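Notes follow the structure.
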Amino acid sequence: MALHKDKRRLFRRVRRILGSQTPLRADCGTLCGKRCCKGDETAGMLLFPGEKTSLSVRQNGTRRLAVCRGVCRRGERPLSCRLFPFLPVLQNGRVCARIDRRGAGICPLAQNEAQVRFSRRFLRRVERAGELLYADADCRRFLEEALSEGEQIREFRAFFLQKPEKP
């Protein structure tokens, strides 16, 4: 019971840090038709361990997916929605905001990160939130798995999208 209460407190603090900040100063959903807000039976945003949501939740193996139909109360969005398309990543003992490669298939920001000018305030808040999340063992494991999956996707895309060498 205490663990659940601690997670609730942790998630409340993280939500407060992230606030209503978004990756861009404008609504990035206008670029792609809000693709990240449209889930189905197999697609959605992963919930952090112990996270609760008012959205529809689907079990996908050992994972729980929050499924949005395009409209939600922004103040009740799951953490993955608030962080998207970024992940807090632990590098050399410091938390940094990095593009979540798992979103490259749907997010034009993740596909074109070098050309996008992201909100510095948003990135700093992702890093501050990440410091709290990495302090929790379950959330740390969740983030490390997400990062590993993202790296696998990046390597897969690099392999299959590379231009064949000429003889």
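The values are calculated or read from the model by the stated rules, or taken from the named source; none is laboratory data. Remember, it's a predicted structure, so these values are computed and weren't measured experimentally. Reconstructed Cβ throughout: ideal geometry from the backbone, glycine too, with neighbour counts over all protein chains shown. These area figures cover heavy atoms from the full protein model, side chains too; ligands, DNA and RNA do not enter into them. Shrake-Rupley method; radii C 1.70, N 1.55, O 1.52, S 1.80 Å.
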Among (1) open to solvent by 70 Å² or more (accessible area, probe 1.4 Å); (2) more than 28 Å from Arg16 (Cβ to Cβ); (3) among the polar types (S, T, N, Q), which single condition is Ser148 missing?
(1)
Any hit, segment 59-82, residues being touching a helix residue (DSSP H, G or I) at 6+ places or on another chain (Cβ under 8 Å), open to solvent by 90 Å² or more (accessible area, probe 1.4 Å) and among the aliphatic types (A, V, I, L, M)
yes
Go through (1) under 20 Å from Arg154 (Cβ atoms); (2) touching a Pro at 6+ places or on another chain (Cβ under 8 Å); (3) crowded, with 16+ Cβ neighbours inside 10 Å one by one and return the number of the condition Arg101 breaks.
(2)
Suppose we keep only residues that are at pLDDT below 75 and more than 21 Å from Gln111 (Cα to Cα) within segment 1-39. Which one would you say is most open to solvent (accessible area, probe 1.4 Å)?
Met1
Give me the pairs: first residue in segment 41-58 and closer than 18 Å to Gly75 by Cβ, second residue of a type in the set (Ser, Thr, Tyr) and modelled with pLDDT under 90, beta-carbon distance under 6 Å, and six or more apart or on different chains, which are they?
none
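Out of all the residues in segment 40-54, which are of a type outside the set (Val, Ile, Thr), within 26 Å of Leu133 (Cα to Cα) and open to solvent by 30 Å² or more (accessible area, probe 1.4 Å)?
Looking only at segment 40-54, we keep the residues that are of a type outside the set (Val, Ile, Thr), and these are 40-41, 43-52, 54.
Imposing the further condition that a residue be within 26 Å of Leu133 (Cα to Cα) reduces the set to 43-52, 54.
Ala43, Gly44, Pro49, Gly50, Lys52, Ser54 - these are the residues of segment 40-54 that are of a type outside the set (Val, Ile, Thr), within 26 Å of Leu133 (Cα to Cα) and open to solvent by 30 Å² or more (accessible area, probe 1.4 Å).
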